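The values are calculated or read from the model by the stated rules, or taken from the named source; none is laboratory data. Everything numeric in this text was worked out from a predicted model, so none of it was measured. Backbone-built Cβ (ideal geometry, glycine too); neighbour counts: all protein chains shown. For the accessible areas, the whole protein counts, side chains as well, though only heavy atoms, and no ligand, DNA or RNA atoms are used. Shrake-Rupley method; radii C 1.70, N 1.55, O 1.52, S 1.80 Å.
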Amino acid sequence: MCIRDSPQKHVKPKQEEKKEQPKKTLRRKVKEAQKKDAASEMLKRIGTGMKGSKFRWINEQLYTKSSEDSFNLFKEDKGTFADYHEGYSQMVAKWPKNPLDVIIKELKKDEYKGKTIIDLGCGTGRLAEEVKKERKVLSYDFVASNPWVTECDIAHLPLKNEEADVAVFCLSLMGTNYLNFIAEANRCLKHKGKMVIAEVSSRVKDLKEFVKGVCLLGFESIKASKCEDYFVIMMLRKTGDSRKGIKMLKDSEMKNGPLLQPCHYKKR
C-alpha cells in the first residue's frame, strides 16, 4: 500500500485561502489608505500652520522695521515676498470687502482719464491691471512680482518732482518710517494732486487726529470714512510741501507715540 495524503484534503484549504485572500488584501489596503490619508492631512495642517506662522513673522518685520530693512530682507530672499503675499491673499479672501476694490472703483471714473497714478506698495500690481485703460499707472513695491512692477523702497521713488496726479497707499503704510512714504508721495505729486490712503481701522486710534497729522505733510482732507468697520479710506489733496510738517510730526511721535499703530495678528 502506498501511503499518501488524500489530495482532497489539501485542495479544500487552498480553495478557502483563495477565497479569503482578496478580503484580507482589501482590508489591508483600506487601512493603509486610511493611514496615508491621516498622515497627509496631518502634514497639510502642519504645512498650513507653518505658512501662517511665517506670514505673521514677516508681517511683524514689515511693521516694526524700517522700509530699508524690509527691502533688504526681500532682496536677499524673494521667496519670502511670495510667502507673504500667499498669506495675505488668504486673509483678503475672508474680508467682507477689499478696500482695493473701493479704490479701483473710484479711479475708473472719467475724471481720472489721462492721469498718472502711482501705486505705492502695490503687491502684485492688480490696481494697474484694472485701471490702466486711458490712465498711466506706475506700480512700486519691494519685489517685482509682475513685469509692470518696479522694485524699490517707496521712501525713495525713482520719480521726478510733481510727476504724478494721484498717489495710492492701499494697506501699505508699513514700516517705522511710514511718514517718509507720505512725504515722498507729496514730492512726486503735482500741486492739487490727490492721495488715497486705505488702512486697517485698528491701526487708527483717532481718525480725525490721523487725518490732521497727514495734513501737516502738505495736504488738505477731501473725505475720510470707514469701510465695513474693518478699514478707513481717506482722500486728500496736495496743498504744499512736507518738509516742515514731517519734522513736527516725528517730534510729536517721539513724545506721544505713532499716529498709525502697528498691525498685529493673533497667534494661533
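Are there any pairs with C-beta distances below 9 angstrom linking a residue in the range 228-243 that is of a type in the set (Gly, Ala, Ser) to a residue that is assigned to a strand (DSSP E or B), with the two at least 6 apart or on different chains, and if so which? Going by the 9 Å Cβ cut-off, the qualifying pairs are GLY240/HIS191; GLY240/PHE219; SER242/PHE219. Here MET50 passes the criteria (1) under 25 Å from ILE222 (Cβ atoms); (2) modelled with pLDDT under 95 except the one numbered (1). Note on the range 229-256: residues that are over 18 Å from GLU184 (Cα atoms), open to solvent by less than 90 Å² (accessible area, probe 1.4 Å) and not small (Gly, Ala, Ser) amount to 5. Taking residues in the range 94-121 that are acidic (Asp, Glu), and partners anywhere that are part of a strand (DSSP E or B), the pairs with Cβ atoms closer than 6 Å and at least 6 places apart or on different chains are ASP119/SER139; ASP119/VAL168.
Against the definition (touching a residue at least 12 places away in the same chain (Cβ under 8 Å), exposed (fewer than 14 other Cβ atoms within 10 Å of the Cβ) and among the acidic types (Asp, Glu)), how does GLU86 come out, yes or no? Break it down into steps so the answer makes sense when it comes.
On the way: touching a residue at least 12 places away in the same chain (Cβ under 8 Å): yes; exposed (fewer than 14 other Cβ atoms within 10 Å of the Cβ): yes; among the acidic types (Asp, Glu): yes.
Against the criterion (touching a residue at least 12 places away in the same chain (Cβ under 8 Å), exposed (fewer than 14 other Cβ atoms within 10 Å of the Cβ) and among the acidic types (Asp, Glu)), GLU86 qualifies.
So that you can scan it fast, the table gives a plain yes or no per residue for (1) more than 16 Å from LEU120 (Cβ to Cβ); (2) of a type in the set (Asp, Glu); (3) out of contact with any Cys (no Cβ under 7 Å at 6 or more places or on another chain):
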position: ASP141; (1), (2), (3): no, yes, no
position: ALA144; (1), (2), (3): no, no, yes
position: ASP153; (1), (2), (3): no, yes, yes
position: GLU199; (1), (2), (3): no, yes, yes
position: ILE246; (1), (2), (3): yes, no, yes
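The residues in the range 186-196 that are open to solvent by less than 20 Å² (accessible area, probe 1.4 Å) and assigned to a helix (DSSP H, G or I) can be counted, and the count is 2. Scanning the range 70-83 for residues that are in contact (Cβ under 8 Å) with a residue 60 or more places away in the chain and of a type in the set (D, E, K, R) yields a total of 2.
Can you tell me how many residues in the range 197-224 are of a type in the set (Ser, Thr, Tyr) and either part of a loop (DSSP other than H, G, I, E, B) or over 22 Å from the mean Cα position of the chain (by Cα) (or both)?
Going residue by residue through the range 197-224, those that are of a type in the set (Ser, Thr, Tyr) are 201-202, 221.
Filter once more, so that each one left must be either part of a loop (DSSP other than H, G, I, E, B) or over 22 Å from the mean Cα position of the chain (by Cα) (or both): 221.
Count: 1.
From ALA128, ALA183, ALA144, which residue is open to solvent by 30 Å² or more (accessible area, probe 1.4 Å) and not acidic (Asp, Glu)? After ruling out the rest, the residue left standing is ALA144.
Confirm whether SER139 is in contact with a Phe, Trp or Tyr (Cβ under 7 Å, 6 or more places away or on another chain) and modelled with pLDDT under 95. Write out each step before concluding.
Values: in contact with a Phe, Trp or Tyr (Cβ under 7 Å, 6 or more places away or on another chain): yes; modelled with pLDDT under 95: no.
Spelling it out, it is not the case that SER139 is in contact with a Phe, Trp or Tyr (Cβ under 7 Å, 6 or more places away or on another chain) and modelled with pLDDT under 95.
Out of the residues in the range 89-125 meeting the condition of being farther than 20 Å from ALA185 by Cβ and of a type in the set (S, T, N, Q), tell me which one is surrounded by the most Cβ atoms within 10 Å (Cβ to Cβ). The selected residue is ASN98. Return yes or no: is PHE81 at negative phi, open to solvent by 20 Å² or more (accessible area, probe 1.4 Å) and of a type in the set (Phe, Trp, Tyr)? No: the conditions fail for PHE81.
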